[in-house]
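Here is the structure we will look at.
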Amino acid sequence: MNAVQTVGYPPSAYAFDVERIRADFPILKLQIDGKPLVYLDNAASSQMPQPVIARLVRYQTSEHANIHRAVHYLSETATAEYDAARRKLQRFINAPEEREVIFTSGTTDAINLVMHGYGRKFIKTGDEIILTTLEHHSNIVPWQMLAEETGAKIRVVPINDAGEVLIDEYEHLFNERTKLVGVTHVSNALGSINPVKQMIAFAHARGVPVPVLVDGAQAAPHLQVDVQDLDCDFYVFSGHKLCGPTGIGVLYGKAALLEKMQPFKGGGDMILSVSFEKTTYNTIPYKFEAGTPPIAAAIGLGAAVDYLSAIGMEVIATHEHALLSYATAQMMEMPGVRIIGTAKNKASVLSFTVDGVHPHDIGTLLNQEGIAVRTGHHCAQPVMQRFKVPATSRASFAFYNTLAEVDALIAGIRSVQKVFA
Amino acid sequence: MANYKSLYQEVILDHNKKPRNYGTLAHASHHAVGHNPLCGDHISVALSFDRECIDCIAFQGESCAICKASASMMTSAVKGKTRADAEILVQEFLAMATGKLNLDSPNQIGRLAVFAGVCDLPTRVKCAILPWHTLHAAFNSVASASTEEFLGSEPKFAEPTARPEGAVRCTAAKLVSDPNNSAPIGNA
């Protein structure tokens with residue numbers, strides 16, 4: 001008998017040493033007011049493992065200079081490492097070509113790039129953009145700004161009571177004026193996984209194929225993303241939700257589309273030649289990377305996807321799914337607790353309300369137990385309106401979370417209920 | 001010493017569960033609606049004067065326990081005070097919630113000191129001070145208008161309102177308490 005059996009936990013059907021993983025994350029050793037940190041706010045931002053921290057230190061210690069500029073050793077080193085990071089991200093999402101991966105400052109920046117670069121050039125008065133109720137504000141507001149500017153119209157795909165996009169309604173929204181679809185891969189507020197491959201196939205099957213932008217901010221950290229398999233036209237995500245630094249994100253776009261698009265920001269590095277009479281823009285991806293990019297953050301993100309890939313995205317998804325199922329089963333048994341978002345396919349997010357207790361009070365009381373959750377509207381107010389709640393509490397899991405931490409969350413909610421009894 | 005851990009103590013929980021002066025006023029001379037964009041919470045405060053002093057005051061809204069208890073205790077604390085004295089209390093409460101009030105020096109805070117610990121929780125300070133900002137806005141909503149003039153005009157800070165069913169005159173039952181009715185406070 002050498003296997004350690006923890007009473008009450010479902011048997012582990014996969015080989016995953018979560019304690020060994022946790023040892024890589026210095027921040028997980030923190031105590032909050034004498035209580036061990038239980039970090040369940042991963043959908044907002046994930047934590048950084050030591051190999052990524054070390055990579056950032058090595059870059060700043062011995063490799064830093066500006067890229068694509070000088071002929072000296074440091075500039076050449078920094079350029080080589082920055083370009084290597086782009087290839088790592090290309091492999092991570094299985095993009096066909098390196099030049100289809102553009103570094104942005106994050107998901108929001110990437111969506112704004114597509115709005116300015118594609119939307120402002122190709123979407124005109126009377127044209128229509130299809131979005132879903134599940135979108136984060138960052139995939140709503142840029143398109144509203146475009147609609148206001150151009151007179152284009154936004155059509156919204158409704159969801160059912162489980163928080164699933166209604167595919168029939170989606171298909172009915174298409175007409176000859178439809179010019180773009182924006183859809184989140186995984187809902188940040190509910191965790192629903194959208195059938196994006198099916199939605200993309202439908203958009204492309206039109207007489208004139210409609211391009212689809214997929215917001216992958218919540219999907220890239222939890223699912224194996226393959227942009228060729230999805231056949232999406234744009235895929236966007238952030239580094240800081242992927243164990244990488246803040247200030248870096250990715251826009252993947254099909255080369256043919258990116259080449260047709262106008263630049264978003266003007267400046268250095270995005271040009272081939274400049275005179276006061278005429279400026280010639282650089283080729284992709286540089287056309288969209290004006291000015292000095294976040295070089296260190298890009299290299300750090302490269303190290304982060306190396307780290308995740310070494311563990312394996314499928315292994316990560318399996319462990320996170322076990323955490324979500326375990327937490328969901330326990331929460332369903334709790335009187336007065338309502339899970340918001342019960343889609344069949346979900347990833348890593350558990351949104352809930354507790355009868356008679358405002359989410360902010362839940363958040364503060366859980367914090368007193370060292371438990372970090374997000375409370376509020378999660379930048380997805382249309383979702384809150386759909387479920388007729390002003391806000392929810394949201395626990396979101398990463399691969400370094402444990403079943404014991406789920407137990408801590410459940411115990412924490414019980415003690416909140418006691419305080420408000 | 002103030003400690004945020006003492007925030008969820010008996011007195012605050014009690015005011016959250018059984019808020020005082022919760023409801024609508026039939027004849028408010030001043031009112032305002034306050035919003036916390038961080039969480040979408042909103043609260044409305046309505047009041048009327050008898051000569052110099054606050055005679056009737058009521059609040060209503062959707063909010064967390066900290067905000068609701070703060071509003072409940074605020075209405076109790078300012079009832080009977082002149083506007084000037086109530087404004088002093090507003091300033092003292094705002095100073096306390098942001099950690100700038102020395103509780104050992106003379107002040108009017110009294111039982112409101114249960115909120116002192118909120119200064120340790122920057123994200124919750126707004127919850128505690130929202131009712132007080134709203135009260136301050138209500139005072140200014142008709143700063144130069146008399147009660148009579150006000151009755152015939154739209155209040156500056158109020159949402160468009162209809163007089164809620166069941167709202168009664170202040171002199172009678174004073175308040176209509178209905179925690180399930182989140183309609184804004186109406187004025188006749």
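The values are calculated or read from the model by the stated rules, or taken from the named source; none is laboratory data. Everything quoted here is computed from the prediction, not taken from an experiment. Cβ coordinates were reconstructed from backbone atoms using ideal geometry, including for glycine residues, and neighbour counts include every protein chain displayed. Surface areas here come from the heavy atoms of the whole protein model, side chains and all, with no ligands, DNA or RNA. Shrake-Rupley method; radii C 1.70, N 1.55, O 1.52, S 1.80 Å.
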query = Can A:Pro390 be described as part of a helix (DSSP H, G or I), open to solvent by 10 Å² or more (accessible area, probe 1.4 Å) and touching a residue at least 12 places away in the same chain (Cβ under 8 Å)?
reply = no
request  = Name every residue in region A:15-60 that is surrounded by 12 or more Cβ atoms within 10 Å (Cβ to Cβ) and part of a strand (DSSP E or B), in order of residue number.
outcome  = A:Ile32, A:Lys35, A:Pro36, A:Val38, A:Tyr39, A:Asp41
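Residues are listed down the side, and each one gets a yes or a no for (1) modelled with pLDDT under 95; (2) part of a loop (DSSP other than H, G, I, E, B); (3) open to solvent by 60 Å² or more (accessible area, probe 1.4 Å):
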site	(1), (2), (3)
B:Asn16	yes, no, no
B:Cys39	yes, yes, no
B:Phe59	no, no, no
B:Lys68	no, no, no
B:Leu89	no, no, no
B:Phe93	no, no, no
B:Gly99	yes, yes, no
B:Arg111	yes, no, yes
note = Of the residues in region A:368-384, those that are modelled with pLDDT under 95 and either within 10 Å of another protein chain (Cβ to nearest Cβ) or closer than 16 Å to B:Leu38 by Cβ (or both) come to A:Gln368, A:Thr375, A:Gly376, A:His377, A:His378, A:Cys379, A:Ala380, A:Gln381, A:Met384
ask   = Of the numbered conditions (1) within 14 Å of another protein chain (Cβ to nearest Cβ); (2) farther than 29 Å from A:Met48 by Cα; (3) at pLDDT 95 or above, A:Pro390 satisfies every one except a single condition; which is it?
value = (3)
request  = Return yes when A:Arg69 is open to solvent by 10 Å² or more (accessible area, probe 1.4 Å), free of Cβ contacts under 8 Å to residues at least 24 places away in the same chain and assigned to a loop (DSSP other than H, G, I, E, B) and no when it is not.
outcome  = yes
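Conditions (1) part of a loop (DSSP other than H, G, I, E, B); (2) of a type outside the set (Ser, Thr, Tyr), marked per residue:
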position	(1), (2)
A:Thr125	yes, no
A:Ser138	no, no
A:Met145	no, yes
A:Asp161	yes, yes
A:Glu169	no, yes
A:Lys179	no, yes
A:Met199	no, yes
A:Pro209	yes, yes
message = For region A:393-421, which positions are open to solvent by 10 Å² or more (accessible area, probe 1.4 Å) and either within 13 Å of another protein chain (Cβ to nearest Cβ) or closer than 25 Å to A:Thr108 by Cα (or both)?
response = A:Ser415, A:Gln417, A:Lys418, A:Val419, A:Phe420, A:Ala421
Residue tally, condition within 10 Å of chain A (Cβ to nearest Cβ) and open to solvent by 30 Å² or more (accessible area, probe 1.4 Å), over region B:5-14 = 2
remark   = When B:Phe49 is run through (1) open to solvent by 40 Å² or more (accessible area, probe 1.4 Å); (2) within 14 Å of another protein chain (Cβ to nearest Cβ); (3) part of a strand (DSSP E or B), the failure sits at (2)
ask   = Restricting the search to region A:213-238, which residues are part of a helix (DSSP H, G or I) and open to solvent by 10 Å² or more (accessible area, probe 1.4 Å)?
value = A:Gln228, A:Asp229, A:Leu230
ask   = Are any of the residues in region A:350-364 open to solvent by 40 Å² or more (accessible area, probe 1.4 Å) and closer than 30 Å to B:Val118 by Cα?
value = yes
remark   = Scanning region A:348-362 residue by residue, those more than 8 Å from chain B (Cβ to nearest Cβ) and modelled with pLDDT under 95 turn out to be A:Ser348, A:Gly356
request  = Looking at (1) open to solvent by less than 30 Å² (accessible area, probe 1.4 Å); (2) touching a residue at least 60 places away in the same chain (Cβ under 8 Å); (3) not in a helix (DSSP H, G or I), find the lone condition where A:Phe174 falls short.
outcome  = (2)
ask   = Mind checking which residues of region B:18-37 are assigned to a strand (DSSP E or B) and within 14 Å of chain A (Cβ to nearest Cβ)?
value = B:His35, B:Asn36
